[in-house]
Amino acid sequence: MNNLIQNFIGFEGRLNRQPFWISAIVLAVISIVISLVILPIVGFSVMPNMPTIGADTSPEDIAAAISAAQSRAGWVSLVMFLIFAYPTAAISIKRRHDRNSSGIDVWIYLALGIVVQLISALGIGMTTMQVGTTTVPMPGPIVTTAGVILGIYGIYLLVVLGFLKGTAGPNQYGPDPLQG
């Protein structure tokens, strides 16, 4: 247990694939529990509650409710991203060290992730679409492109961090974790 906690603290040393995956799964489970159990209890769900739609609800009210829900979900997602950025960076940087890399690509990914989350939370780059008589907000080309770029970058990091073998023997970041 102590070794698992150490994985999330600091950026020194190396981490091979098995402890990386265990640590990543622990972070994912904690994130899911917070998002789906704890946040709704305290009233900050990532999946916002929509107002009841009645006969007297206007299309403008619906559009405003959708926009407000998207903004609130964006801010909650940004806060969650920021909370998990440090432990994610710690395990990812240590994993990059195992591959004899500084981990600058992890910092770039996290910075881009924060920017995309902030853009989404602020509603920048949003556009509208007409659905019947209702104007509905939706991500515009800027947000969509940024999301696609971040997704491709994330796939690259998934392969590098999760599937490629580390450097055999000691490297500039420490001894080989597989050699004890």
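Consider His97 against the criteria (1) in contact with a strand residue (DSSP E or B) (Cβ under 8 Å, 6 or more places away or on another chain); (2) loosely packed, with under 15 Cβ neighbours inside 10 Å: it satisfies all of them except one. Which criterion is unmet?
Against the list (1) in contact with a strand residue (DSSP E or B) (Cβ under 8 Å, 6 or more places away or on another chain); (2) loosely packed, with under 15 Cβ neighbours inside 10 Å, His97 comes up short only on (2).
Condition check: among the β-branched types (Val, Ile, Thr), in contact with a Pro (Cβ under 6 Å, 6 or more places away or on another chain) and open to solvent by 60 Å² or more (accessible area, probe 1.4 Å). Does Thr144 satisfy that?
no
Can you tell me which residue among Ile9, Ile91, Ile30, Ile41 is over 30 Å from Thr134 (Cβ atoms), under 15 Å from the mean Cα position of the chain (by Cα) and either open to solvent by 30 Å² or more (accessible area, probe 1.4 Å) or not aliphatic (A, V, I, L, M) (or both)?
Ile30
Starting from region 149-164, keep only residues that are in contact (Cβ under 8 Å) with a residue 60 or more places away in the chain, then list their pairs with residues that are among the basic types (Lys, Arg) and not in a helix (DSSP H, G or I) whose Cβ atoms are within a distance under 8 Å, requiring at least 6 positions of separation or different chains.
From region 149-164, the pairs are Val160/Arg99; Leu164/Arg99.
If you go through region 110-134, how many residues are within 14 Å of Ser77 (Cβ to Cβ) and among the small types (Gly, Ala, Ser)?
The qualifying residues number 4.
The values are calculated or read from the model by the stated rules, or taken from the named source; none is laboratory data. Please read all numbers here as calculations on a predicted model, not as lab measurements. Please note: Cβ atoms are built from the backbone with ideal geometry, for glycine as well, and neighbour counts cover all protein chains shown. To get the accessible areas, we keep the full protein, side chains included, count just its heavy atoms, and leave off ligands, DNA and RNA. Shrake-Rupley method; radii C 1.70, N 1.55, O 1.52, S 1.80 Å.
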